[in-house]
Structure formats: structure tokens, C-alpha cells
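Read through the structure below, which is laid out as C-alpha cells, and then see the notes.
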Amino acid sequence: MKIGSGDQDLPASLAQGAALGHVALRDPSLPIPRVVETLDGRTTATWRSARGERPVRMVTFLDGVPLQSAPRSQRQRRNLGRTLARLALALKDFGGVVEDPTMLWDLQRAPRVRAMVDAIPALRDRPLVDRFLDAFDRDVAAALPMLRAQAIHNDANPQNVLVDAADTDRIAGLIDFGDMVHGPLVQELAVAASYQSTAEGHPLAGAADVVAGFHECLPLEAGELDLLYDLIATRLVLVIVIGGWRASCEPANREYVLRNSEAAWSSLARLGSLSRDEARAFLGEACREGARR
């Protein structure tokens, strides 16, 4: 059961319920939660609390292990890419996204985090963060509106992906549609790939596995592939900057908000060793491999 913080959450709650229902109709075997409707057939109810009206939604439980707690493998990453491609196809004609201009985790609005950078004391490697924010302004911002866009989950991080406890290569669930936006299709892939860095080998090896699985089911277009490296890096910048800013504002909650920061710093540093041309060539080969499968 998910309880909103106030009546301002009602439109988003209704949109998420509608999206879950839409996906269930388009691809019934896709492992997402199913909405448990109210007795009168609604996806969202209203609870009158001492703090005012709050939206309430109930969904089914998905059995599985959060990806953050499971061993990783190439097969698992490719299955994640395939699952995200299926979700994208199911959401392709969903038009009920409620836009939230305050959404910090939307890559389309990445330049807004620049204001947070100055508020983070002793940022570990500001030149690296600035490099990728500058690249977004220079190479990405004007090109994004030209790409395919649709409703996307926008948050396939390891806490929101479940795997089968008996077969951790099998994706058992994708949960939490709370960051859903209408945005570039490739943004969905970039967000997921940013969390799949490997400790050894090519800096984009883990991401390329997710890309190959996605491209196998839903081929990327040339313009999307051109920006994929930049978008992966930009998501890592958001993890670092938003986490650092929230930790400075909420010191009591520091451990939780910084849970992904160390891995993000490591991944971003490894990506920083590549040029855009090197990265695009590597990801392009991953797409060609996915197309051959």
C-alpha cells in the first residue's frame, strides 16, 4: 500500500495506477505490480488524515530479490535490457503522464543541478562533474527534443529491479513508477545502464550488455545511440549531485541518500577515461551484437 504525502500527489498516483493497468493489458506477462482496485473499481482511494486528504493505492506483491543484493552477470544485464524494451513497447501509446516540473531525476532537466553543486561542501571532483554537465549543454540538450519520446519508468536502479532468488539471471520484477516521466525513449535505457558498471574490463562493458538486450527487442536509432554515453554519464552526475545536496540538507539521513554515491563516483571516473567517439563506437558494437542475436 502506498500513501501519498498530500492531496497534491493525487494526479501522480492516478497516473501511476493508470500506467500499471495499461502495461498489464499490453504485455500481461511483464513482471510489474498489478493494481488492486477499490470496491467501486478505482485505482486510487482517498484517506482523510489529520494532515488532510491523501491518495492511497494498493498493488500486488512481487516475489524476488532486489538487484542490489544479488550477484551480477552478463546474462542478467541483457535480460534487464530486454525487460526494459518490453516495458517501453507496452508504454508506447500511454498518454497519461502527469508532468512534474520539480522532478530532479529527469535527465531532460539535468542543467538545473548546477545550482546544487555550489551548495555541496568539498565536492570530491568538481571538474569531472562540470565536464559532463558542460557536455550535456553542448552536445545533448538541443538534440533531445528530436528523439523518440514517450512515457518511461525512468528509475530502473538496483533497488527497483527484482531478480528470481532461484535464478538471479531472471528479472522477476520492476517496481516503483514514482519517477515516471514523458521523455526520450533512450533515457530509459541510459538510467538503467548507469547502474551496471563492472569493476573490470571496459568502462562501458556492463552498460553495453543492457544496451545489447534492449536493442535486440527494440532497436535504437542513430541519434539515440549518439547521445547514450552522455546520458549515462549525466545520470551518474545526478546521483552524485542530488545525493550530496540532500545529504548536506538532511545530515540525519546522510547514509540513505548517499547509498549509491560511491559507486556512481567510481563509474563516472571510469567513463571519464573515454572520449565520446570511443564510447559511441563501443556502444554501437553492442547494438550490432544485439541485432545479431
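The values are calculated or read from the model by the stated rules, or taken from the named source; none is laboratory data. Please read all numbers here as calculations on a predicted model, not as lab measurements. Here the Cβ is made from the backbone with ideal geometry for all residues, glycine too, and neighbour counts use every protein chain on show. Side chains are part of the model used for accessible areas, which takes the heavy atoms of the whole protein and leaves out ligands, DNA and RNA. Shrake-Rupley method; radii C 1.70, N 1.55, O 1.52, S 1.80 Å.
Okay, here's what the table says:
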| item | result |
| --- | --- |
| Residues of segment 18-40 satisfying the condition of being free of Cβ contacts under 8 Å to residues at least 12 places away in the same chain and open to solvent by 50 Å² or more (accessible area, probe 1.4 Å) | 25, 28, 29, 37, 39, 40 |
| Single condition residue 84 does not satisfy, out of (1) open to solvent by less than 40 Å² (accessible area, probe 1.4 Å); (2) closer than 16 Å to residue 17 by Cα | (2) |
| Count - residues of segment 1-56 that are in a loop (DSSP other than H, G, I, E, B) and aromatic (Phe, Trp, Tyr) | 0 |
| Selection status of residue 166, without any contact (Cβ under 8 Å) to a residue 60 or more places away in the chain and under 20 Å from the mean Cα position of the chain (by Cα) | no |
| Residue 168 vs. criteria at pLDDT below 95, among the β-branched types (Val, Ile, Thr) and within 19 Å of residue 80 (Cα to Cα) | no |
| Filter result for the condition that a residue is aliphatic (A, V, I, L, M), modelled with pLDDT of 95 or more and surrounded by 22 or more Cβ atoms within 10 Å (Cβ to Cβ), over 227, 128 | 227 |
| Residue in segment 239-247 that is open to solvent by less than 10 Å² (accessible area, probe 1.4 Å), in a helix (DSSP H, G or I) and of a type in the set (Phe, Trp, Tyr) present | no |
| Exclusive hit being in a helix (DSSP H, G or I), farther than 23 Å from residue 68 by Cα and open to solvent by 60 Å² or more (accessible area, probe 1.4 Å), set 291, 263 | 291 |
| Single match in 125, 137, 106 (criterion: within 27 Å of residue 262 (Cα to Cα), under 16 Å from the mean Cα position of the chain (by Cα) and in contact (Cβ under 8 Å) with a residue 12 or more places away in the chain) | 106 |
| Selection count, segment 266-288, where residues are within 22 Å of the chain's Cα centre (by Cα), open to solvent by 20 Å² or more (accessible area, probe 1.4 Å) and within 26 Å of residue 219 (Cα to Cα) | 3 |
| Breaking point among (1) open to solvent by 20 Å² or more (accessible area, probe 1.4 Å); (2) of a type outside the set (Asp, Glu); (3) in contact (Cβ under 8 Å) with a residue 24 or more places away in the chain; (4) touching a Lys or Arg at 6+ places or on another chain (Cβ under 8 Å), for residue 44 | (1) |
| Subset of segment 209-224 [open to solvent by less than 10 Å² (accessible area, probe 1.4 Å) and closer than 23 Å to residue 133 by Cα] | 211, 224 |
